[in-house]
Structures are given as structure tokens and as C-alpha cells.
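Each value in this text was obtained by applying a stated rule to the coordinates, not by laboratory testing. No experiment lies behind these values; they were computed from the predicted model shown. So basically every Cβ, Gly included, is an ideal-geometry build from the backbone, and we count neighbours across all protein chains shown.
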Amino acid sequence: MPDIQAHVNDFVLKLKRRKIEGSQATARQTAELLRAVVSHQRLPYTNQALALLDAVRDVGEQLIAANPVELAVGNIVRRVLHIIREEDLTSVASAVDGLGLSTNSDDDDNFEHDDHPILSAAAVAATARSTLRAPSLQTLLEGLPESASAPRPSSSGGDSEGKSKSAERKKLKHDVIEAINELIQDIETCHEQISEQAVGLIHQNEVILTLGRSKTVKEFLFAANEKKRSFRVFIAEGAPRYQGHVLAKELVAKGLQTTVITDSAVFAMISRVNMVIVGAHAIMANGGVIAPVGINMVALAAQRHAVPFVVVAGTHKLCPLYPHNPEVLLNDLQCPSDLLDFGEFSDCMDFSTSGGSPLLHVVNPAFDFIPSKLVSLFVTDTGGHSPSYMYRLIADYYSTDDFVVERRIKS
Amino acid sequence: MTMIIKQSKPSVLTHQTRLGDDEIFMAIDPETKELLYYEDKVDLSQRLILLDKMLLVENGAISLHNDKQDCYVDICSLGVLDLFVDNFDYQHLRRHFVKGLLVDDIMGCKIFTHEIQSSYAARVDNFRSYDTISKDIVQRWTYPFVPDVRYLGNGLQIKLDREGIYKAPDVVQSRSAHIDAFTVLGNATTVGDNTKISNSVIGQGCIIGHNVVIEGSYVWDNVTIEDGCKLSHALICDGVHLREGVILEPGVIISFKVEVGQNIVVPTYSKVSLLPQPSKQDSDEELEYADTNTGAIESTSMATVMNTSKLDFTLGTLDAKISGKPELQGSGPGYIWSSSEGGTEEECRQSIAPIPAGKLLELLQSKIYDNNAPDQDMINTPASGELLPDSESTFGDGDDDREYVDFEKEVEATFQRGLTGVEKENVILEINSLRLSCNMEQADCAGALFHSIMKQALVAPYSCKNELYANAIKEIIKWGDLLKHYLTTADEEFEVILKFEDICLGTTRDFSPLFSNILTFLYDKEILSEKAILSWAQEKEGADESDKIFTKQAEQFIKWLREAPEEDEEDDADD
């Protein structure tokens, strides 16, 4: 689709030039773009799901390659792929149920001269359904008779078939788009859902420590404040961007008692703190966290002084990859002019007089990796979880086939 | 129009910016940020800028900067285009257009500046800036325009790997290869065993052999570098093939598709290309080259280098139109472009290679010397204080010696003219006028004239000091009157003696053994009086040993003078 390709190119360019800031914004825009891709995609008669999957995978690969540091893009792509698979299975399941169990037949003959997607997916549907639902005796027993009783498409009338087919085709797209809408909704409201749990976590007269400025943390603290919990906040400023200063202003505007400290003072002040609450850039499959730089230090300080370390993040930040995966770039070295003024130090970087080899290097990493053992609790929009549970959430949101988003080589 | 500028301190030693240009002096109004004065070709030996005092009248305050880098990014209003339509002979944007606008009162156009702090902007216009800006990009000052972000949307994804090395996919690197941080390796490049690469950018598809050392170099695509090569601070373009053992000295530039044979050492700052150097010289010099078929003077160094490589090679025949020489370097042809205008001075300022340590030391020492020399007050600045944009100030020099040297040269030139048959009176007139214009004393004239005479003595060929003595005598006899004209007081004669000492010590050592003889002769000829000679000897009594060399030599004569003055006086008195 030429027009959709133009949109994709625009978005890819924005991602490449790092024009979009923040995981939430990126995730939402990715989801909207993929929704547009799905709705524009013309589906063939058969193997609709495959066609959709290919289309989304195609676009997804471009998006991920544009900004490999922003893991939220990959997360959303994989979520959409998972949605497609899911919807496909549920529509198959409902079709199977709808048509009823008519006859047992010789599987081979019937299977061969039909091009109905339902039949080929039936076997898949049966096995897949058992993974969608929690495995229980019921589903296990259900699995067997289902596959045996394959409906015969030729027995049904042609018109009703055609109608059902087109209905299914439209239904699949429709369902997928609905599900993506839900996803977008989730992304946009993740802050509210997380904030609802604030009251349970923050108690009276507590001292909270945070670093930098996370929108999720901000909403979290505001929610607790609304419920009339009285607490104080220590904010580590978060060099080199010093976003902690901005957060301090916002908290004071809401009437919260705030103390601003430098990042290097965290170890000195940690003993006065009851709980540490921070945001994250991404959560890996093993429960490790990629967070703004400096938070690893805070986590170590918290562990040293036995202070609970809570990470708040929406589920769009949950990444199905493990940190040892070479595809995952754990860090992003950004512009050194945040640290040092170029003009002041330009004489240290005069290569003509210093022998050609630069003596002054300025490095500005954007992220830190926090191992899962340092994290006490994850607060997501689906509730609070321990780090060892995060891998289970992955199965809910992602399919294993999608972990590697690659264009399938068409033979 | 608004000019974008960025703070970037120039080097104190070399007075050039990071990007190889000369320091730029700007006067900016601190409130409105208007550009009031712009000068990029300051004569640094003068250490003088002239500002129109009307600037201070119009603007409340001016801040002068020499630490700003011109980014050559200008945001123009539509009126700028109209100006260009009217004046289509602006050749240089800054020197002609900007300076013209600044001085021009009629049009009333204003130029403003905008200083960028955390953004980065620069222009590549010579090899030094290519090197500096490449290093800035690799150090991520230009984020997000960095090698591992596909900002322009093309090319393969380069990853910033561990240890700070940028690696494209499909790089094959040997385990024993040692690659330093801040190096970029392009797609499908192979690096051999024990190779060391540091601070360099390697392009796509390169094949780098074993035991190669690459330092601070830029290697473009599809280059083959065989085993044992050493590259430092070189630029190698696409498709080049360097055979085994080639050594490239700092600052070498090898153009597209050149093949360099085995074990060749390419000298510093040379440019090697398959195409001949575009000739900027006039026909006389071309004919010169056409005559010397073998071993032209510039490339003797190259020839000797070639000989040491123990390879057979033949010098190609010289075409009259070509100013470089085609050399077969082992296996491929190529031209070595000689460094043309400016010589090695310009080369090392604007080359990829850093300025060599020896030169830096030299600059440092000359700087210390300059600081020690007394600073003269600017008594000779033009009184009106006009804006002289393009003039080089010849007044108010801080350095007195230089003026004298100039004067001396002028006197010598006049003397030379005198030799060709100009009347002595005219020569005297000329020297007098020179004296007035350069604000010199009579003594200086005498000294300079004496210097010229002595130099003249050297011109005639001589094989031993006797002959030199004879020559000197001849010259002194010839020009004695002229000299006497200026030697009216003992002070001037004193000056001449000192000058003679200088000559013997400095420029022409051949005269030193003849010092006392010539002194005697000068006395006999009554050019120098005994009073002067005696006071000179007196003066030298208290001096160091090294200064006393000539007094020692002339001791005999001085003694005789002391002992026998009465005789002369008596003689004179008698007469």
C-alpha cells in the first residue's frame, strides 16, 4: 500500500532521528501505525492470518531497526503479532463451534480438496486453545474429540459458506483492530491503573526516594497524595539532565514536602528513606530493569540498607527478550554536550597540537541495568508482581514465534 | 542576516582554530548580538587590530572575541539575495560580502550572530577540519548524527560494540588484532592477525592484512592493505592497494585506485594520485622542468627513497605540461603532487597529521622570545583611527630590530643600484631619504652602508683570506668617501665598529681573522678615528670573554694606538 508506506517511512524517520521522546509516546504511536497497517492490508481468501502476520512483521522489522534502543517499539510489534495470532485462533474456535460437529470423516480426503482456512487451522486451534487457557483436565480431554470431529465444509451450502468466509475474513481484521484499540487504550491509561495501587503501597509518614523524573512515579505520588497520605519525597536530581528539578517543582505545586539531593548523595541519605520508587525504561524477561542512569546506584544503596526498591512501569515496557540477547542494546551513549560545554573544552580537543590522539573523551550513557535480585516489587497496570513472576506475564502477552521479528524468506 | 557561531578556542601556540583556519576576530554587541567587526586574516606578527571608534559611539558596549568559530551557516533574509544580484563579484563570502556589508553605511544592513551551545555545526574545507570533525562525530558530539544511528536512512546498522568500537555487520576480526576505542569498522571488512588499529575510520569491504599498524587514519571503501604496512595520520581513498611493507608517513593522502608497491616509504605531507597535478604555474617553469629529465630537484628525496627500496623502477619521461613526475611505484603508476604555494608551513597547518612536536617546540620558543622582547608603545598608529580593513599596519611595530633589518635591506638595495653607475650624490640622497622615512639615525645609515660594502667585498670570488683582504681593501677604497660622509662623529664610528663585529660574528665569518687588519686599514684611511677605536676598546674592557675576541685580535693595534697618539698629534701639530 503506497500511502501506508509513506506513513511508515515518516514514522521510521522520526524514530531514526530520535524525535519521539519516551516509551509511552513511542508505544502509542507504534500501535496506531500498526493499526493503520492492519486496516489497510488487503487480505487474501485464505491464510488471512499469515498475510496479516507478514505485513505486520515487515513493518515491524523496519521500526525496530530504526531505533533499536527503544525497546517499546519491539514490544508493541510483538504484542500486535500476538494479537493477530490470538484473534485468529479465537475466530477459528468460534467458527468450529458455530458450524457444529457434524460428521466424523476420513480426514485425509476432506482435508485435501478444501481450501477452507478453518480446517487447516482446526488442528492448530485445538492444540493452541489448550495453551491459551490454563492447562486443566477439562481442556486436555476436550482436545481429543475436537480434532476427531472435523466438520465437512462441502456438506454445508455454498452461499452460507461464502458468507461465513467473508464474514470471518472481515471479522478477523475487525477483531484485530479492536484488540489493537484495546492495547492503545491500555497504554494510555496505564498510569491510572498503576496509580490505583499507590494507596496500598505508601503508608502514613513515609519517606520516599526517587531519581530523575518518571511520569509514572509522578502520577503514583499524586494519587497517594490525593488519598491524604502524608509522606515526604527525596528526589535525586538525575544528572546530566537534571529532570529531578522539574519533578521537585511539580510535587511542591501539589503541596508535597520535597528534598532535592545530588545523585552522589544517595548513599548518604538512604538511611533516612523508607522506600525507593523509580520508573523504568524497559523490563526484561528475567526481571532485570533498564532504567535511567544512576538508578543502579540507588538500587545498590537500597539493598545495602534494606530499603524496599519498587519499580513502576506499564506493561508496554515489558520486553520478552533476555538481557544477554545480542540484539538488546543495553545502553545508549548520548551527546556529551549535556555534560561539558564544548566551547570551554575545545582546547583540550585540539587534535593538531595534542599529537593526533584525542586525550579527552566524554561519555554520556543514558541507561543503567539493574539485576532482578535488587528489585523488591514491580507495580504494573495488571497489579503488583515479584521479579521472579515477570516471565509468566510474557506468555500472556507474547508468542514465542515472535521473539525474533524477521521477515520470513518467501520461497 | 544571522551568522551561526560556536565557541571554540584557538590554539595559543599556532594561532589557528581546531579546524585549521586562522583565528577569527569578531566584535559583537553583547545586547543585540549584532556583528560589528569581522577579521579572518589577521597579520599575527603585528598583533594589532584597528577598530573604528564610531563603533563605540553607536553601540554602548562591544565585546571582542577571538574564540568563536564561524560555522558558515547563515540565515538570510530575502534582501541578501538582492544584494548578490547587484554585486555579483563577491568571491569570498566572508572577506568580501560580510566585510563589505560591515563597512558599508549606505545600505544599512545589519548582520547578527547567534551562538549555539549544545548543538554542533562546522564546515569541512580542508584536511585538518575533515580530521577534527570526523573525530567529533566518532566521539558523539553530533548525536544523533553518529555512526551507529542511521540518521540519513541508508547503509547498514553499525553497532557500538563493547570497548567503544563501532562495528558494522560482517566484520571479520582476528582474535589477536588489537582495536582501540573510537574506531569505526565498515561492513564486510576483514582485519588480520596482530594488527593494531587506533583512532581510525575504516570503510566497507576493506581487507587489512597481518601486522598492520593503522593510527589516526581514514581508510575509505574497498581498500586492500597487505601485511606489515604502517599508516599514521593518512587518508586513503577508495580502491587503493597498498602492498606489503608500505610505510605512509604522517599527512599522506592517497587518491583513488592508486597502487603502491612493496616496501615503499611515502614521505610526509605528500599527495599521490593517478591524475597529474593541475598546473598553476606559468610556462617558464614548465620549460624548466622539461629540460631536467632526470632527478628534478624536488624529487631527489623521493628518488633516494626509491633507491633504498631495492626495486627496479623507471622514471617516466617528462611531459612539458606536467608539473609533477610520474613515478612507477613498484607496480602501479602515480604522480606525487609537490606541495605548491606556502610550502611545508601550510601543509602542516592544514594536514590530517598533528603538528609535529619539533615545530610546536619551535613555536613555543618563539613565543617566549616574543614575550621577553620589550613591547613598544603604539606611538606610530595612524592618528585618525580610521577603519583600515585590508591594510597591513607598517607603523607602530613592537619590534625594533625588524625595522632595522628592513632599513638595512633598503640601503643595500640602494647601494647595489649605486654600483651600477649611479652618481654618488644620488646615492647619498637616496640613503638620506630612506633614513628620514624609516626614522633612523645617521649611525644606522653608516652601519648599514658599511654592511653593504663588506657584502660587496664578498661578492667577488676569493680563495683565501689574503684575497678576501685584497677585495675588502678595494671596496673600502672605492666607497670610502661615501662612508665618510656619514661618519661625522665618533658615535657613528663606534657604531660602525660594532657593526663590523656583528658581521664577523654573524653573517660572514670569513672576516673574523681579518678584523684587526681591516680595522688598521680603516684607521689609515682616516675613516675611523682613534678616539672611536679607543672608546670601543674601553667599552669592551668590562665585557664577557666572548665579546672580547676581536679586541684581543686587535690588541696589538690598540696598544700601538694608545702608545703612539702623541706622535700623531705631534705630527698633526707639526703640520
Problem set entry | Rg(Cα) / (2.2 N^0.38 Å) computed for the stretch B:2-116, rounded to two decimals | 1.07
Seminar exercise, completed: Any residue on another chain or 5+ positions along whose placed amide H is under 5 Å from the amide H of residue B:37 is listed here as B:27
Exercise. Karplus couplings for the stretch B:231-243 from phi (6.51 cos²θ - 1.76 cosθ + 1.60, θ = phi - 60°), rounded to Hz, Gly and Pro as x?
Worked result: 10, 9, 6, 10, 10, 10, 8, 4, x, 7, 10, 9, 7
For this session: Would you kindly derive the ³J(HN,Hα) couplings of the stretch B:84-100 from the backbone phi angles with the Karplus curve 6.51 cos²θ - 1.76 cosθ + 1.60 (θ = phi - 60°), listing them in order in whole Hz, with x for Gly and Pro?
Result: 5, 5, 6, 10, 8, 9, 5, 9, 10, 4, 7, 5, 9, 5, 5, 5, x
For this session: Would you grab the residues whose amide H sits under 5 Å from the one on residue B:206? Only those 5+ places off in sequence or on another chain, please, with H modelled 1.01 Å from N.
Result: B:189, B:190, B:222, B:223
Exercise. Could you give the nm distance between label points at residue B:436 and residue A:267, where each point is 7 Å from its Cα heading toward the beta carbon?
Worked result: 8.3 nm
Problem set entry | Projected area averaged over orientations for the stretch A:314-361, convex hull of C-alpha atoms, nm² | 5.9 nm²
For this session: Shielding by partners for A:335-344, please: the mean number of other protein chain Cβ atoms within 10 Å of each residue's Cβ.
Result: 6
Problem set entry | 5 angstrom amide H check on residue B:159, placed H, neighbours 5+ away | B:167, B:168
Problem set entry | HN-Hα J in Hz across the stretch A:371-379 - Karplus 6.51, -1.76, 1.60, θ = phi - 60°, x for Gly and Pro | x, 5, 6, 8, 8, 8, 8, 9, 10
Exercise. How would you order A:336-345, A:215-224 from highest to lowest mean count of nearby Cβ atoms within 10 Å?
Worked result: A:215-224, A:336-345
Problem set entry | Highest-first arrangement of B:101-109, B:261-269, B:424-432, B:349-357, where packing means the average Cβ count within 10 Å | B:349-357, B:261-269, B:424-432, B:101-109
Exercise. Relative contact order for the stretch B:2-116: what is it in percent, counting Cα pairs under 8 Å that are at least 6 residues apart?
Worked result: 41 percent
